[in-house]
């Protein structure tokens, strides 16, 4: 469960992270290298744990772009890819059923 976000941080299960994160389908959380692009390579990494849904938080103002290759990878592998500004993405992540993963950008 993602509790919330503010510019520069995200809180998951009561723990606040002051950096971008990946949440894997098995619940593991790892730091994400800050980038304004979400790539097929990132999606492939998240897909290793077998999610049905991957949510991408594109930042507080939506500055992260999702590559066409990532969209194609999701389609080819039957993964629902949900992209939204981070506050909305958090809602979508919490509402999603089944195995889910996320890449959350915490700034812009």
Find the relative contact order for the chain and round it to a whole percent, using C-alpha pairs within less than 8 Å whose residues are 6+ positions apart. 35 percent
Order by neighbour count: 28, 86, 5, fewest other Cβ atoms within 10 Å first, most last. 28, 5, 86
Neighbouring Cβ atoms within 10 Å as the yardstick, rank 42, 85, 76, 6 fewest first. 76, 6, 85, 42
MRE, 222 nm, helices only [DSSP H, n ≥ 4, -39500 (n - 2.57), over the chain, to nearest 500]: -7000 deg cm²/dmol
Beta bridges by DSSP in the chain, antiparallel share as percent, to the nearest 5: 50 percent
Rounded FRET efficiency, nearest 0.05, which uses the C-beta distance separating residue 80 from residue 6 and R0 of 35 Å: 0.85
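So how do 92, 100, 72, 30 line up by other beta-carbon neighbours within 10 Å, fewest first?
The most exposed by this proxy come first: 30, 72, 92, 100.
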Which label in (i) 0.93; (ii) 1.24; (iii) 1.32 gives the computed Cα Rg over 2.2 N^0.38 Å: (i)
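A short reminder: the numbers here are calculations on the coordinates, not readings from a lab. No experiment lies behind these values; they were computed from the predicted model shown. Positions of Cβ are generated from backbone atoms using ideal geometry, with glycine treated the same way; all protein chains shown enter the neighbour counts.
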